[in-house]
Structure formats: C-alpha cells, structure tokens
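Right, one structure below, let's go through it.
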Amino acid sequence: MARILLVDPNEMAQRAMRGILARGNHRCACVNTALEGWDFIRQNAMVDLVISELALPGSINGLEFVKRLKADCLLKLLPVVIYTSQGDREAVKRGLDLRIQNFLVKPYHDDDVFAEIGKSEANPWRNRHFEEERSFCRMMGHTPEQVHRMLDDLRTAVDAAGAPLQKWAALEAGTEMIELISPLIAQGEAAGAWGMVESLNNLVECVRQGGWSRLPAEFETLAFAGQLIAHRLDDTLGGLGFLSDDEQHSEADQRERDRWRAAVLSGAHPVIDLARLHREIDALPGCPVIDTSAAAFQMVANGHPSCINPLMDLVDRDPGLAAQMLIAANQAHPAGENDNIIEEPRLAVGMLGESKLELQARRLVQA
C-alpha cells in the first residue's frame, strides 16, 4: 500500500484519483496549492509519491513546487509526477530537467498511475537516506536490532538537543551550537543515518556562515529527519492526512454507525416505507454511479478524446456507468420492430459518440 499526495485544486480530479487509488488499495491525500502540499509533506514523512497539477492557484505553480522540493536536502529524493491538463514541450523539458519521475497529460489512466506507484515503491526514497541494513550490518558487525537501537538513540539525542540549540541560536552563539552538533554528526554516521547527518552538517554550515535568519528552516529540516528515523524504525506509521473517513471518525461516530448496523440486523428499519422507496427508485433516470467513477468518466469525456477506448474501459468496469450508457444509447437509438436493443456497454459508448458522451457526463446520476 502506497501513500500518494495529490496537489490539484480540481475537485473532479481529486475524486477521480481517490477512486483509482482505492481500486489499487492505496491511500490518497489531496491538497489544493503548492504551499499546502509543502506543509503536508513536512508533517507527513510517509508520503511515498507526489502527483501534482502543473497549474496551481497562488504564487507557486507545479514546476516551482518541484523546484522547492528538489532544493531541500531530504525531500530532493521524493518522487514527483506532473499530471496535468496543460502540458507543452517547454514545460515537459523543465520538468525533466528537475528530475521528476514522469510528466503525464490528463485524463488519468489507472495503468499509468499504478506504473508510477510501482516505480516509487521499487526503491523507496526514504530508504535512500540510510545505509542498506543488511550490507551495513555485515560490514560493521552489527545486528539489525543494534542498528535500530542506534537509530533510536540518535533520534532521542537530537530531540534532547533541540531546546539547547534553540537557546544558543537566539543568542547567536555559534561555537556552542557547533560543539553540541558535532557529536550528533558522529552518532549519525555510526548509525548510517545519512539524511540526519546531512541535515546536521547543513545546520553547522548555516551557523558558520552567520545565516541566523535561515536557522528556523534548518531546524524544521532537522525535525523532518527525525520523522524519517521514526518511519525507518516503524514503517507501519500512518498519518492523519492519510486516514480513511472511517478512521477519522470519533468513537461517538463509531457508536452511532454501530447503532444503525444493529437496527438492520434487528429489523428496526427502513426509516421510510417501502412504497416510497420504490417510487424514488423508479424516478431515478439511471443506476447511480459512485462519485469517484463519475469523476473519472467526466474527466475523460470532457477532454475531447481522440479515442473513446478509455471511456469504454471505464464503462466496462463500473455497473452504474454501464447502466446509464445503455439507457442513453437505447433512448438515442430506439429498437425497431425487427431490431435488438443495445445490451453491450462498449457498443453503447461507441453509438453515443463524443458530443452525446459529454452530455451524459454532465447528467450522470451519482450516488
């Protein structure tokens, strides 16, 4: 299971990406702007892959966002995919110059998204801030347990040094800061925690240059390096931004859901009479479609596709979409006395054509 951050202000794009990732048993968090994306990543070291739109609201666009990530000593390894509706040759060149993982053009395609996730999982970026455990243990004569203990001790030591470092920074006492940091660097090297070592070395360099105004950012990087160690020690760590809706509910909400489930089992339902329920079902113009599937269909149908095969694939996978396309196609092409009704969803999509598919995308009945 991978944790994906989508940076895209388009609500339809967010719903579509959530649906794709849910089908692959991955988790998704969505933000609207580059600044929100930066803050989210800083608080969630478990982000495995960033997918960003090129056009973002605010002063920082997608490429500037990538540039900021690549300038960070720790986040420079975080894989980023630009997935945009406004791709052009110059933007692609700039993106590749920034060493992004890929540059893709919307609408989303499941296979492409899963392929990019596969790349990010093949060599996880967080692991590259540490020595490879097996070879490191063999080379240094340590056991994995000893290395883990060394990493935990390092994190504890850096945390303990936080308050004194802040105090010396306020006094611009560079000598005292460097004396406090130097043994931490040696401890980090001994534990093979190269991300922490680089963060500490950058802090020392900042102090030597008298860059006191830059220290708050360096302290943030140091705290993030601590997050990386925590994740290294326990890769099951989650994050509030990646919790599912159910996981974010309070215990009171959980009790309320349990009460409704119990009502079903006890027969104390429905809350409306059956006749009314049938009338409301009969009034529906089509089988309701889950919102993520509807968003994916709308993205493709509104993208003026030169090929409708992606739409056929979407309809093939979703019973709700299939039902609505079959209804629309049979209404547009009513069967004559010697004709058969249209019963094949892919054929229905082909018979509707681009303009009618766009119209159907706007009219989808959503659950």
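A few points about this structure:
- Each residue was assigned an accessible area with a 1.4 Å probe, and for residue 185 the value is about 20 Å².
- Per atom type, the range 84-238 shows carbon and sulfur on 50% of its accessible surface, probed at 1.4 Å.
- Legend: Rg and Dmax of the range 155-208, from Cα coordinates, 10.6, 32 Å.
- With contributions of -39500 (n - 2.57) from each DSSP H run of at least four residues, the per-residue ellipticity at 222 nm computed over the chain stands at -19500 deg cm²/dmol.
- Residue-normalised accessible area of the chain, expressed per residue, 1.4 Å probe, Å²: 53
- Among 241, 195, 162, the largest mean-square fluctuation in a Gaussian network model of the chain (Cα springs under 10 Å) belongs to 162.
- Kirkwood Rh, Cα atoms: Rg over Rh of the range 1-149: 1.03
- With Cα atoms defining each centre, the range 184-222 and the range 110-126 are spaced 30 Å apart in the structure.
- Positive-end residue of 61, 9, 73, charge dipole of the range 1-155 with Cβ unit charges: 73
- Nonlocal amide H pairs with residue 28, under 5 Å, H built at 1.01 Å: 4
- Amide H to amide H, with H built 1.01 Å from N, residue 49 comes under 5 Å of 3, 5, counting only residues 5 or more places away or on other chains.
- D_trans [Stokes-Einstein, Kirkwood Rh over alpha-carbon pairs] for the chain, 25 °C, 0.890 mPa s, µm² s⁻¹: 101
- Zero-based 10 Å bins, Cα pair distances in the range 1-62, whole percents: 24, 54, 21, 1
The values are calculated or read from the model by the stated rules, or taken from the named source; none is laboratory data. Note that this is a predicted model, so its numbers are computed, not measured. Backbone-built Cβ (ideal geometry, glycine too); neighbour counts: all protein chains shown. What goes into the accessible areas is simple: the full protein's heavy atoms, side chains included, and nothing from ligands, DNA or RNA. Shrake-Rupley method; radii C 1.70, N 1.55, O 1.52, S 1.80 Å.
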